[in-house]
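The values are calculated or read from the model by the stated rules, or taken from the named source; none is laboratory data. A quick note: this is a predicted structure, and the numbers were derived from the prediction, not measured. Neighbour counts are summed over all protein chains in view; Cβ atoms, including those assigned to glycine, are modelled from backbone coordinates with ideal geometry. Side chains included, ligands, DNA and RNA excluded: accessible areas come from the protein's heavy atoms. Shrake-Rupley method; radii C 1.70, N 1.55, O 1.52, S 1.80 Å.
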Amino acid sequence: MAIRLFNTYSRELEEFTPIEPPLVKMYTCGPTVYNHAHIGNFRAYVFEDLLQRHLEVRGFKVHRVMNLTDVDDKTIRNSRAAGMPLDLFTRQFKDAFFEDLRTLRIQPAADFPAATEPRYIERMIEMIRVLENHGIAYKAEDGSVYFRLSRFPDYGHLAHLNPEELRPTGRIRNDEYEKESIGDFALWKAWDPEDGDVGWESPWGRGRPGWHIECSAMAIALLGPELDIHCGGVDNIFPHHEAEIAQSESCTGRKFVRYWLHCAHLMVQGQKMAKSAGNFYTLRDLSALGWSGREIRYALISVNYRLPLNFTFEGLAAARAALGRIDEWVARLAKLAGSENRASTHPLAAMSAFLDALDDDLNISGALGHLFDTIRESNRLMDQGQITAEDARAILNGWTRINQILALEPDAAAVPPEVQALLDARAIARKVKDWAASDRLRDQIAALGWEVKDTKDGQQVTRAAP
């Protein structure tokens, strides 16, 4: 089955065909490192990770680039408020971001270019000069340089907007100055006293790049003038991705991106996430409440990327329960398989319906539905003694393959010694049928934040929901 993806540009499901198969050149918009990334950001990053992993399991070789925006109004303002140089201020949030990626089991990109790296600043200046030489960019009286929107008639196609009705957003507040047209966007911003010591010399005077040119320059520098896939959140469609298309294609004369994929918004408890609403969460906030990166990852990937996701604590608890079912199933198969290395050709091992579902625009709901159908059926067959060791090994091999995409293996962290001691004591109590002691020990384990479930194969312990 061919992979089909919903292309924002055409508003249609299209068969995925990269420019130079099996290579896939993929660019993803990364964080602006003025603070810790929040779970809304990570919804997009987890979706992009799921996409990359699925493409790789299907035989493609993905070269993914994720940028780091380390110079803009917010980074400058916050670094000055903190009394720190821009590079030191943003470094702490870059390091935190990489740690968060590891926590959520997101594969690192091949490249993480930062906008302030000298080689990319040079690229940005080069691109702006090309645009200026073609009469597409112009310098305003204050030294800022703008993209002349009237020279790119396709502007607005991605967002399906009428260019005559476009207005700047808050993110481009400083793109006003002396423009020929209100829709023109900044390529180079002239230095302002509020910028402090942040700035670079250019043919137009001291200043800094506009937000949009940063991504175009870094993407083209690392992936070339034509990309297979460009991802981001729906909030990036306009003006950011529209501007990327306009300036990139005006520079190179080539189609910038074949497939545009955008992730829908994340809500929290049915509301827009906002600090004022008390529902704003970073990964660290959720970890402090006792939720693991694995559980958060499951909650974030469990809804198709094009559908809004309502992130709730009930949803996290459901993720924990679902992972518990998977863990019990894998443990049961592993016990049955034992040291058997041979694998049968059992039909439950193929997992083909799981992969076919993901081929259909990452239909994760269908894929997970197939996985839990497989768990239910194989558990039934094991109950009836109809699964051999070779069958169990084959099904485990199938799980290993699809888990290359899901990345949901249990955390390596061991059960704390004090909990293990209580579990051992409880096992003895149950063996001698001292049910009162067993219940008392269960309560003590629960008081330490762990939940015990009694199964045919003994006690299963998991972290309790906060």
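Answer yes or no as to whether GLY290 is in contact with a strand residue (DSSP E or B) (Cβ under 9 Å, 6 or more places away or on another chain) and of a type in the set (Gly, Ala, Ser).
Judged against the criteria, GLY290 is a match.
Where residues in segment 420-433 are open to solvent by 70 Å² or more (accessible area, probe 1.4 Å) and without any contact (Cβ under 8 Å) to a residue 24 or more places away in the chain, which of them is nearest to the chain's Cα centre (by Cα)?
Of everything passing the filter in segment 420-433, GLN420 is nearest to the chain's Cα centre (by Cα).
Out of the residues in segment 213-226 that are in contact (Cβ under 8 Å) with a residue 40 or more places away in the chain and in contact with a helix residue (DSSP H, G or I) (Cβ under 6 Å, 6 or more places away or on another chain), state the one that is nearest to ARG254 (Cα to Cα).
Here the answer is SER216.
Residues checked against (1) closer than 20 Å to ASN236 by Cα; (2) without any contact (Cβ under 8 Å) to a residue 40 or more places away in the chain; (3) out of contact with any Phe, Trp or Tyr (no Cβ under 6 Å at 6 or more places or on another chain); (4) not hydroxyl-bearing (Ser, Thr, Tyr):
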residue: HIS36; (1), (2), (3), (4): yes, no, yes, yes
residue: GLY40; (1), (2), (3), (4): yes, no, yes, yes
residue: ARG43; (1), (2), (3), (4): yes, no, yes, yes
residue: LEU51; (1), (2), (3), (4): yes, no, yes, yes
residue: GLY59; (1), (2), (3), (4): no, yes, yes, yes
residue: LYS74; (1), (2), (3), (4): yes, no, no, yes
residue: ALA81; (1), (2), (3), (4): no, yes, yes, yes
residue: LEU86; (1), (2), (3), (4): no, no, yes, yes
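Please identify the pairs in which a residue from segment 131-152 that is more than 16 Å from ALA217 (Cβ to Cβ) has its Cβ atom under 6 Å from the Cβ atom of a residue that is assigned to a strand (DSSP E or B) and of a type in the set (Val, Ile, Thr), counting only partners at least 6 apart or on another chain.
Filtered contacts from segment 131-152: LYS139/VAL145.
State whether one or more residues within segment 10-17 are surrounded by fewer than 21 Cβ atoms within 10 Å (Cβ to Cβ), among the polar types (S, T, N, Q) and either in contact (Cβ under 8 Å) with a residue 60 or more places away in the chain or closer than 13 Å to ASP228 by Cα (or both).
Yes, because at least one residue in segment 10-17 is surrounded by fewer than 21 Cβ atoms within 10 Å (Cβ to Cβ), among the polar types (S, T, N, Q) and either in contact (Cβ under 8 Å) with a residue 60 or more places away in the chain or closer than 13 Å to ASP228 by Cα (or both).
Table: residues versus (1) touching a residue at least 40 places away in the same chain (Cβ under 8 Å); (2) within 20 Å of the chain's Cα centre (by Cα).
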position: CYS251; (1), (2): yes, no
position: MET273; (1), (2): yes, yes
position: ALA277; (1), (2): no, no
position: GLU295; (1), (2): no, yes
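Which members of segment 141-197 meet the condition of being modelled with pLDDT of 85 or more, open to solvent by less than 70 Å² (accessible area, probe 1.4 Å) and of a type in the set (D, E, K, R)?
ARG148, ASP184, LYS189, ASP192, ASP195
Determine which member of the set ARG380, ARG342, ARG376, ARG440 is of a type outside the set (Gly, Ala, Ser), open to solvent by 80 Å² or more (accessible area, probe 1.4 Å) and within 30 Å of LEU51 (Cβ to Cβ).
ARG376
Residues being more than 21 Å from the chain's Cα centre (by Cα) and of a type in the set (A, V, I, L, M, F, W, C): count how many of those fall in segment 353-395.
Final tally of qualifying residues: 11.
Within the bounds of segment 440-450, is there any residue that is part of a strand (DSSP E or B) and modelled with pLDDT of 85 or more?
Step one: of segment 440-450, the residues part of a strand (DSSP E or B) are 450.
Subsequent filtering for residues that are modelled with pLDDT of 85 or more retains 450.
Within segment 440-450 (the criterion being part of a strand (DSSP E or B) and modelled with pLDDT of 85 or more), the answer is yes, since at least one residue qualifies.
Of the residues ALA110, ALA44, ALA115, only one is touching a Cys at 6+ places or on another chain (Cβ under 8 Å) and small (Gly, Ala, Ser); which?
ALA44
Among the numbered conditions (1) more than 30 Å from THR400 (Cα to Cα); (2) under 17 Å from the mean Cα position of the chain (by Cα), tell me where ALA114 comes up short.
Here ALA114 meets the rest and fails (2).
Exactly one of these conditions fails for LEU307: (1) open to solvent by 20 Å² or more (accessible area, probe 1.4 Å); (2) in a helix (DSSP H, G or I). Give me its number.
Of (1) open to solvent by 20 Å² or more (accessible area, probe 1.4 Å); (2) in a helix (DSSP H, G or I), only one is false for LEU307: (2).
Name every residue in segment 397-419 that is open to solvent by less than 40 Å² (accessible area, probe 1.4 Å), more than 27 Å from the chain's Cα centre (by Cα) and either at pLDDT 85 or above or under 17 Å from LEU51 (Cα atoms) (or both), in order of residue number.
Of everything in segment 397-419, just one residue is open to solvent by less than 40 Å² (accessible area, probe 1.4 Å), more than 27 Å from the chain's Cα centre (by Cα) and either at pLDDT 85 or above or under 17 Å from LEU51 (Cα atoms) (or both), namely VAL419.
Out of the residues in segment 201-223 that are in contact with a Pro (Cβ under 8 Å, 6 or more places away or on another chain) and not small (Gly, Ala, Ser), state the one that is farthest from ALA115 (Cα to Cα).
Selected residue: LEU222.
What helices (runs of 4 or more DSSP H) completely inside segment 27-114 contain at least 3 residues that are open to solvent by 40 Å² or more (accessible area, probe 1.4 Å)? Walk me through it before giving the result.
Numbers: elements: 39-57, 73-82, 86-103.
Those helices (runs of 4 or more DSSP H) span 73-82, 86-103.
Suppose we keep only residues that are small (Gly, Ala, Ser) and assigned to a helix (DSSP H, G or I) within segment 380-415. Which one would you say is farthest from SER292 (Cα to Cα)?
Here is the first cut: in segment 380-415, the ones small (Gly, Ala, Ser) are 385, 389, 392, 394, 398, 407, 412-414.
With assigned to a helix (DSSP H, G or I) added as a condition, the list becomes 389, 392, 394, 398.
Details: ALA389: 32, ALA392: 29, ALA394: 29, GLY398: 25 Å.
Within segment 380-415, the match that is farthest from SER292 (Cα to Cα) is ALA389.
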